[in-house]
Amino acid sequence: MDEGHTGVYEDALCRVREIGESAGIEAEVIESLLRPRQVLTCSLPVRMDDGSVNYFTGYRCQYNDVLGPTKGGIRFHPDVTDEEVKALALWMTLKCALVGLPFGGAKGGVVVQPKALSPMELERLSRAYVRAMADFIGPQVDIPAPDVYTNARIMGWMMDEYEAIRRVRSPGVITGKPVRLGGSLGREEATGRGAYICIRELAKRKGWQPDQIRVAVQGFGNAAYHVARLLARDGYKVVAISDSKGGIYSEQGFDIESLWQEKQKSRQVRAVYCEQSVCQLVEHKEISNEELLALDVDLLIPAALEGVIHSGNVESVRASTLVEVANGPVEAEAEHWLDEQGITVVPDVLANAGGVTVSYFEWVQNRTGYPWSLEQVRERLETQMGEAFDRVWHLSQTEARTLRGAAYSVALRRIGEAVTAHGTREYFGGQDG
Ligand code: GLU
């Protein structure tokens, strides 16, 4: 575990405390967010293809449910820890509140290198996770979704396992499913599209001309692909992109679509890029992920994992704007330096909220049994994200806050309203000794 991960939860709590206090949020409300409601840790026995049994550690943290059933993805990654899952669940709590969804926050994870599993082992692991969690999750209780290294197919297996255990159709137990299994149109692209909407809104306020804006994207998973694709379509120059193995850089900008096709074939950006036909389209050079973060670009989009920008490398950042498509890519301490330099950071809880927003739409469709068209999904995503961006931007201007400060304030005030609706010390105080 590198240094970046160890304090991730503590870091997340610090931000809530700091921002909450400066925004005048009641102490009782802040206090309620300084601990998770419950965390389940379990050992998942999985029969491997060679006949042996492996035990994987799985987590699910339901952080806070004051605004509704808890919601959040499940990641499969070797570096998953309970601290990380708690931090991610806290961020989900803020994210859902900020976008105005009737959900609390949760997150799950399994400590596993999924690329080392066969498809059948992956299926058994996904089902084992749900068997362990079946009493803990549910359409009115806690609703998982995809996250790092999990996808629609895995959500489909998980729903199927849940339904087999409960002996009842229950599509609303999980979101991000394949469309034919009750998933929503537009869910796949939603995180990237949500980030794209934020960038478009930001561009209006900053007076950007897309063809003047050079973009570097760290990561090339689902969210990174869609945001890069939509930006390139508008004329932005996506000059760098990477995956866990490394990155590529091209002065003229990449054709995202063909790069994605190549990745699908080879599942690796750097190694295959040159061997395939895409390399004939543009000149490119190989760079490391560290180099990508330090590129002289206008817009830097960390879209991989948390903690990639920390006090050790933040001073090499040269972009004037950061859009956090990953959850928690900038450590709290490093952010102070970015603020001092006047670098704009569109925070994760806003920039990547499109995913959970369409998850909410999927859940609504499952509950009503009435699927929406792609146009309806996109239109409602536009409205929801546009309003959230507006509110955050307005608050940042009127209260002289960073965008993260403003986003957290909006979220904390909403959570605060729910907490005070039940009554706080101020209400009960002095009534009975
Ligand atoms: N894993 C995504 C996130 O971090 C989506 C969560 C969801 O759709 O519930 O926002």
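The values are calculated or read from the model by the stated rules, or taken from the named source; none is laboratory data. Keep in mind the model is a prediction, meaning the values are calculated, not measured. No Cβ is skipped: glycine too gets one built from the backbone with ideal geometry, and neighbour counts run over all protein chains shown. Side chains included, ligands, DNA and RNA excluded: accessible areas come from the protein's heavy atoms. Shrake-Rupley method; radii C 1.70, N 1.55, O 1.52, S 1.80 Å.
Extent along the principal axes, Cα only, for the chain: 75, 60, 44 Å, with the longest axis given first. Dipole magnitude for the chain: computed about the Cα centre from +1 point charges on Lys and Arg Cβ and -1 point charges on Asp and Glu Cβ, it is near 1560 debye.
Each 10 Å bin from 0 upward holds the following percent of the Cα-Cα pairs of segment 34-155: 15, 47, 29, 8, 1. Taking Cα centroids, how far is segment 25-84 from segment 376-408 in Å? If you average the Cα positions of each part, the centres end up 28 Å apart.
Using the structure shown, select from Lys115/Lys263; Lys204/Lys237; Lys71/Lys237; Lys107/Lys245; Lys107/Lys177 the pairs with a Cα to Cα distance greater than 23 angstrom.
Violating the 23 Å Cα-Cα cut-off are Lys71/Lys237; Lys107/Lys245.
By the combined test of axial Cα extent (at least 20 Å) and Kyte-Doolittle hydropathy (mean at least -1.0), the qualifying DSSP H helices of the chain come to 8-22, 82-99, 119-133, 152-166, 187-206, 354-368, 374-398, 403-422. Taking all C-alpha pairs of segment 283-424, those more than 21 Å from each other amount to 54 percent.
Per the Debye calculation on segment 37-95 with a single equal scatterer at every Cα and no solvent contribution, log₁₀ I(q)/I(0) for q = 0.15, 0.17, 0.22 Å⁻¹ amounts to -0.51, -0.61, -0.86.
Under 20 Å from the 7 Å Cα→Cβ point of Arg180, by amide nitrogen: which residues of segment 358-385? In segment 358-385, the label zone of Arg180 (backbone N under 20 Å from the point 7 Å along Cα→Cβ) covers 366, 370-374.
Put a plus charge on the Cβ of each Lys and Arg, a minus charge on the Cβ of each Asp and Glu, and nothing anywhere else: the dipole of segment 159-199 about its Cα centre is then about 160 debye. Spin-label model, Glu286 to Asp255: label points 7 Å out along the Cα-to-beta-carbon direction sit 2.3 nm apart.
Model label points for Lys204 and Thr398, set 7 angstrom from Cα along the Cα-to-Cβ axis, are 1.8 nm apart.
Using a probe of 1.4 Å on the protein chains alone, the accessible area found for His310 is around 60 Å².
The fraction of all Cα pairs in segment 214-254 landing in successive 5 Å bins from 0 to the largest distance is 7, 27, 35, 24, 6, 1, given as whole percents. Label-to-label distance for Asp49 and Ser118 is 0.4 nm, based on points extended 7 Å past Cα in the beta-carbon direction.
Our note on the geometry: Cα centres of segment 152-196 and segment 128-145, 13 Å apart. Share of carbon and sulfur in the accessible area of the chain stands at 47%, probe radius 1.4 Å. Were the residues from Arg131 through Gln376 laid out at 0.36 nm apart, the gain over their Cα-Cα distance would be 84.7 nm.
The helix-based estimate of mean residue ellipticity at 222 nm for the chain, built from -39,500 (n - 2.57) per DSSP H run of four or more residues and divided by its residue count, is -14500 deg cm²/dmol to the nearest 500.
Taking the square roots of five times each eigenvalue of the Cα gyration tensor of segment 149-251, the equivalent ellipsoid has semi-axes of 35, 16, 8 Å, listed largest first. Since only Gly182, Pro114, Gly328 are under comparison, the one whose Cα sits farthest along the positive direction of the charge dipole of the chain, derived from C-beta charges on Lys, Arg, Asp and Glu, is Gly182.
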